[in-house]
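To keep things clear, I will list the structure first and then write my remarks on it.
The values are calculated or read from the model by the stated rules, or taken from the named source; none is laboratory data. Quantities reported herein were computed from a predicted structural model and do not represent experimental measurements. Note: ideal-geometry Cβ built from the backbone for every residue, glycine included; neighbour counts use all protein chains shown. SASA here: full protein model, heavy atoms, side chains in, ligands and nucleic acids out. Shrake-Rupley method; radii C 1.70, N 1.55, O 1.52, S 1.80 Å.
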Amino acid sequence: MQLKQNISLKNLNTFGIAAKAEQFVAVRSVDELWEVLATNPYPVQILGGGSNILLTGDVPGLLIKNEIGGIRIEAEDENSAIVFAGGGVNWHSLVLWAIEHDLGGIENLSLIPGCAGAAPIQNIGAYGVELKDVFYRLEAVELATGAIKVFNHKDCRFGYRDSVFKNELKGKYCITGISLRLSKKHQLNTSYGDIQRTLAAANIEPPTIRDVSNAVIHIRQSKLPDPAEIGNAGSFFKNPEIGMAQFQELQNRYPDIVHYELPDGMVKIPAGWLIEQSGWKGQRFGDAGCHAKQALVLVNYGGASGAELLELAHKIQASVKEKYGITLSPEVNIW
Ligand code: EPU
């Protein structure tokens with residue numbers, strides 16, 4: 001464990017923004033984290049896989065990279081297993097580990113960049129599954145005191161791309177490990193149209209959890225830019241939810257508006273559709289752009305600064321607001 005000064009974060013955030021951390025240390029265990037916290041005089045921020053942040057400037061104080069590893073089965077019965085993963089475990093490695101061990105529940109979440117400890121913060125989700133569907137509990141260290149706290153499902157207050165860690169407890173804890181309840185008797189979720197089409201095209205019936213994972217990998221690779229090639233942080237905005245009255249008014253003006261009615265009476269509109277219809281898809285301004293295959297993803301073609309990407313995000317928000325009266329909220333954390 002080594003404390004470093006003024007280190008470049010370009011390779012530690014998937015947007016590839018060339019910002020620096022004033023102080024930086026990577027920790028591999030809870031003991032190392034405690035050791036750092038016990039002697040550290042600086043304000044602290046935690047970095048995971050760097051796949052859901054937009055750095056708009058250098059990071060002051062101490063940035064602690066969570067590299068706490070390890071995957072193990074904590075408990076099991078004939079139906080399911082509780083699997084523990086260290087907060088720094090790469091999320092997709094955990095998905096592959098689960099598939100290797102024939103444990104189901106997270107195959108739809110294949111290829112999501114980032115680490116296990118960050119997964120509950122925004123309740124990662126894709127193709128009809130969210131982390132909350134398999135979440136059992138997590139362990140976290142309170143940064144101010146070093147105390148370990150266990151959060152069960154209810155404590156996390158999961159919502160759509162949301163949890164208590166994005167609200168009241170924002171920046172207060174380092175998530176050192178998560179435990180998921182994975183199934184031995186699989187209930188596949190292939191309801192998402194793209195998954196059905198991909199499996200049907202390959203003549204796969206009935207699919208295994210590995211088939212579903214492979215289908216998701218195929219879909220993601222065909223639509224979403226690979227951060228190793230083009231900097232990005234996945235969906236930049238959340239899909240907005242609006243009331244039925246507002247939706248009906250919009251549908252009168254735009255009869256082809258894509259929408260999903262939610263059980264609570266609200267209507268979800270894909271932000272990608274709103275952004276595309278507002279003319280942003282595939283647009284590029286210097287090295288900052290709106291992806292040509294998925295308008296919800298903002299991209300850094302190489303040299304864009306966080307400020308330039310944020311300016312593009314603000315322009316997109318303003319034009320969607322003007323045309324549709326809908327406010328887009330960022331899904332990515334803006335630092
Ligand atoms: N659409 C467009 N134009 C676009 C993009 C999308 O018109 O450029 C419309 C299409 O009608 C499409 C619909 O939006 O059918 C939905 O698009 P897609 O299936 O690509 O999903 P999304 O709503 O844009 C969400 C998640 C993704 C997740 C996918 C698949 C959010 C903010 N994003 O995207 O998650 O992979 O569903 O489940 O909920 C992420 O969070 O970083 C992320 C990539």
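Computed quantities for the displayed model
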quantity: Selection count, region 149-160, where residues are modelled with pLDDT of 95 or more, of a type outside the set (A, V, I, L, M) and not in a helix (DSSP H, G or I); calculated: 6
quantity: When residues of region 155-175 are limited to those that are in contact (Cβ under 8 Å) with a residue 12 or more places away in the chain and over 17 Å from the mean Cα position of the chain (by Cα), the one nearest to the ligand (Cβ to nearest atom); calculated: Tyr173
quantity: Flag for Glu139 being buried (at least 18 other Cβ atoms within 10 Å of the Cβ) and either over 13 Å from the mean Cα position of the chain (by Cα) or without any contact (Cβ under 8 Å) to a residue 40 or more places away in the chain (or both); calculated: yes
quantity: Single residue of Gly289, Gly306, Gly265, Gly325 found to be modelled with pLDDT of 95 or more and at positive phi; calculated: Gly325
quantity: Region 1-35, residues that are in a strand (DSSP E or B) and either of a type in the set (Ser, Thr, Tyr) or open to solvent by less than 80 Å² (accessible area, probe 1.4 Å) (or both); calculated: Ile7, Ser8, Ala21, Gln23, Phe24, Val25, Ala26, Val27
quantity: Flag for Phe158 being open to solvent by less than 40 Å² (accessible area, probe 1.4 Å) and in the same structural domain as Lys293 (by TED's automatic domain parsing); calculated: no
quantity: Qualifying residue in region 36-48 (condition: under 22 Å from the mean Cα position of the chain (by Cα), at positive phi and either of a type in the set (D, E, K, R) or not in a strand (DSSP E or B) (or both)); calculated: no
quantity: Scan of region 111-136 for residues that are open to solvent by 50 Å² or more (accessible area, probe 1.4 Å) and closer than 14 Å to Gly87 by Cβ, ordered by number; calculated: Ile121
quantity: Count of region 283-331 residues which are open to solvent by 20 Å² or more (accessible area, probe 1.4 Å), more than 16 Å from the ligand (Cβ to nearest atom) and over 30 Å from Gly243 (Cα atoms); calculated: 9
quantity: Of all residues in region 248-263 being over 30 Å from Ser110 (Cα atoms) and within 14 Å of the ligand (Cβ to nearest atom), the one that is least open to solvent (accessible area, probe 1.4 Å); calculated: Tyr254
quantity: Residue ID - farthest from the ligand (Cβ to nearest atom), chosen from residues in region 223-247 that are free of Cβ contacts under 8 Å to residues at least 60 places away in the same chain and of a type in the set (Gly, Ala, Ser); calculated: Ala245
